[in-house]
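Derivation of every value follows stated rules applied to the coordinates shown; laboratory data play no part. Fair warning: this is a prediction, and the values are worked out from it, not measured in the lab. Note that each Cβ is placed from the backbone with ideal geometry, even for glycine, and that neighbours are counted across all protein chains shown.
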There are 2 protein chains.
Amino acid sequence: MYAIIVYDIKVERVNKVKRYLRKHLNWIQNSVFEGDITLSELEIIKKDLKNIINKNEDSVIIFTVRSEKAFKRQVLGIEKAPISGIL
Amino acid sequence: MYAIIVYDIKVERVNKVKRYLRKHLNWIQNSVFEGDITLSELEIIKKDLKNIINKNEDSVIIFTVRSEKAFKRQVLGIEKAPISGIL
């Protein structure tokens with residue numbers, strides 16, 4: 001399974017979310033992580049994120065596709081994190 | 001085709017990008033748009049975005065999947081834009 005996670009977190013919690021996600025996925029752009037994970041890893045990430053965020057103030061959207069081959073990625077402008085390094 | 005567009009744009013151009021994308025896709029979260037588009041619409045969006053952004057300072061990542069059914073979306077915390085309204 002391949003996941004793309006985008007988030008909009010209040011400033012007091014955003015670094016904690018970023019530090020947490022860096023341990024599990026690849027940072028590709030401000031507030032955007034992606035990477036190959038298993039279903040059980042996804043469940044752990046969701047559980048842990050729920051403990052970090054304030055569900056009344058913060059927003060996390062998780063897109064999952066069967067595999068990385070299921071989607072195409074195109075970059076305009078600068079590539080903040082050389083994604084080719086991830087593939 | 002279903003597109004998810006995430007962007008990291010310098011402050012002087014970000015509103016212009018947001019106003020442009022609002023005409024084509026659905027705003028779902030800070031710096032994140034998604035929606036159903038054709039290949040030709042995608043090519044127009046890419047051409048227009050290239051004219052708005054500064055390719056040395058700004059970053060736009062476009063994820064495309066065959067159709068919305070090809071991916072799953074899960075939201076933790078608040079849903080900034082009731083996505084159900086989009087489906």
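What do you get for the angle between helix A:11-22 and the principal long axis of chain A? Use alpha-carbon atoms, 0 to 90 degrees, nearest ten. Tilt of helix A:11-22: around 50 degrees. In order along the stretch A:47-64, the Karplus-derived 3J(HN,Hα) couplings, from 6.51 cos²θ - 1.76 cosθ + 1.60 at θ = phi - 60°, round to 4, 5, 5, 4, 7, 9, 7, 9, 5, 9, 10, 10, 9, 10, 10, 10, 9, 10 Hz, and Gly and Pro are given as x.
Determine the dipole magnitude for the protein assembly as shown: charges of +1 sit on the beta-carbon of Lys and Arg, -1 on that of Asp and Glu, nothing else is charged, the reference point is the Cα centre, and the result goes in debye to the nearest 20.
In total the dipole reaches around 120 debye.
Here the dipole of the stretch A:2-85 is about 80 debye; that uses its Cα centre as origin and unit charges on the Cβ of Lys and Arg (positive) and Asp and Glu (negative).
Cross-link list A:Lys50/B:Lys55; A:Lys46/A:Lys80; A:Lys23/A:Lys80; A:Lys55/B:Lys69; A:Lys55/B:Lys47: which exceed 30 angstrom alpha carbon to alpha carbon?
A:Lys50/B:Lys55; A:Lys55/B:Lys47
Inter-copy label distances for A:Trp27: 2.6 nm (label point placed 7 Å from Cα along Cα→Cβ; shortest first).
Only DSSP H runs of four or more residues enter the estimate; each adds -39500 (n - 2.57), and after division by the residues of chain A the mean residue ellipticity at 222 nm equals -9500 deg cm²/dmol.
Legend: mean number of C-beta atoms from other chains within 10 angstrom of residue C-beta atoms, peptide B:64-73, equals 4. Computed FRET efficiency, Cβ-Cβ of A:Val75 and A:Ile44, R0 25 Å: what is it to the nearest 0.05? It comes to 0.30.
Please compute the net charge surrounding B:Arg19, taking Lys and Arg as +1 and Asp and Glu as -1 over other residues with Cβ under 14 Å from its Cβ. Surrounding charge for B:Arg19 is +3. Electrostatic tally near A:Thr64: other residues with Cβ closer than 9 Å to its Cβ, Lys and Arg +1, Asp and Glu -1, net +3.
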